[in-house]
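Have a look at the structure below, then the notes.
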Amino acid sequence: MNLISITTATAALGAATFGGVLFAFSTFVMPGLDASPPSAAVATMQQINRAAPRSLLAFDMVATLVLCLAVGVLAVLRRGSEGGAGNMLLLAGAALYVVSFAITAIYHIPHNNAFDSVVADGPDAAAAWHDFARPWELWNHLRAASALAGAASMVVGLLVRSA
């Protein structure tokens, strides 16, 4: 295995891990919170949002970004050499993961931080949860799909390069 293969395989694994956690959030964490009383949903989501930046997932998210940037640079540098179609898939996969990271940075982090000011047992908790949860879920679906598609594209790119 060479540098681009090792870097890409590690980036694909990181993107798949990130996307998988986001997929889990979309498919059962958020529905579970929606089934809870609004005060419980607000309080639980606030605790999740406070724990997330200190989690191993945050490390995975940033480390995978760095790896994907490296994969993208290596793919561009090698686009005219062997494995041209594979290199384009590597570049596409890296770019898809960067999109997932951007959605997190531009949408989720600011919204999570703003949501922290909601009083969980306050009179506006139900409305705040409703206003927060629906758009948050939509953007979460998109970032999960982007990360998973990025992982898949990088894996297929590696296979095409080695064929």
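The values are calculated or read from the model by the stated rules, or taken from the named source; none is laboratory data. What you are looking at is a predicted structure, and each value in this text was computed from that prediction instead of being measured. Using ideal geometry, Cβ is built from the backbone for each residue, glycine included, and neighbour counts are taken over all protein chains shown. Heavy atoms of the whole protein, side chains included, go into the accessibility calculation; ligands, DNA and RNA do not. Shrake-Rupley method; radii C 1.70, N 1.55, O 1.52, S 1.80 Å.
Within region 1-11, can you find the residues that are within 14 Å of Gly86 (Cα to Cα) and small (Gly, Ala, Ser)?
Ser5, Ala9 - these are the residues of region 1-11 that are within 14 Å of Gly86 (Cα to Cα) and small (Gly, Ala, Ser).
What are the residues in region 3-38 that are open to solvent by 50 Å² or more (accessible area, probe 1.4 Å), more than 30 Å from Val73 (Cα to Cα) and either among the β-branched types (Val, Ile, Thr) or in contact (Cβ under 8 Å) with a residue 40 or more places away in the chain (or both), if any?
If the condition is that a residue be open to solvent by 50 Å² or more (accessible area, probe 1.4 Å), more than 30 Å from Val73 (Cα to Cα) and either among the β-branched types (Val, Ile, Thr) or in contact (Cβ under 8 Å) with a residue 40 or more places away in the chain (or both), then Thr27, Asp34, Pro38 are the ones that fit.
Pairs only if they're at least six apart or on different chains, beta carbon under 6 angstrom, first in region 96-114 and more than 16 Å from Leu148 (Cβ to Cβ), second open to solvent by less than 50 Å² (accessible area, probe 1.4 Å) and polar (S, T, N, Q); list them, first residue then second.
These pairs meet every condition: Asn112/Asn49.
Looking at region 28-39, can you tell me whether even one residue there is polar (S, T, N, Q), more than 23 Å from Asp131 (Cα to Cα) and modelled with pLDDT of 95 or more?
No, the conditions are met nowhere in region 28-39.
If Thr104 satisfies all but one of (1) hydroxyl-bearing (Ser, Thr, Tyr); (2) assigned to a loop (DSSP other than H, G, I, E, B); (3) open to solvent by less than 70 Å² (accessible area, probe 1.4 Å), what's the number of the condition it fails?
Among (1) hydroxyl-bearing (Ser, Thr, Tyr); (2) assigned to a loop (DSSP other than H, G, I, E, B); (3) open to solvent by less than 70 Å² (accessible area, probe 1.4 Å), Thr104 violates only (2).
Scan region 46-94 for residues that are open to solvent by 60 Å² or more (accessible area, probe 1.4 Å), modelled with pLDDT of 95 or more and outside any helix (DSSP H, G or I) and jot them down.
Across region 46-94, there are no qualifying residues.
State whether the residues of region 138-149 include one that is open to solvent by less than 90 Å² (accessible area, probe 1.4 Å), among the charged types (D, E, K, R) and assigned to a helix (DSSP H, G or I).
Checking region 138-149: at least one residue is open to solvent by less than 90 Å² (accessible area, probe 1.4 Å), among the charged types (D, E, K, R) and assigned to a helix (DSSP H, G or I).
Is it fair to say Ser153 is open to solvent by less than 70 Å² (accessible area, probe 1.4 Å), among the hydroxyl-bearing types (Ser, Thr, Tyr) and farther than 19 Å from Ala24 by Cα?
It is true that Ser153 is open to solvent by less than 70 Å² (accessible area, probe 1.4 Å), among the hydroxyl-bearing types (Ser, Thr, Tyr) and farther than 19 Å from Ala24 by Cα.
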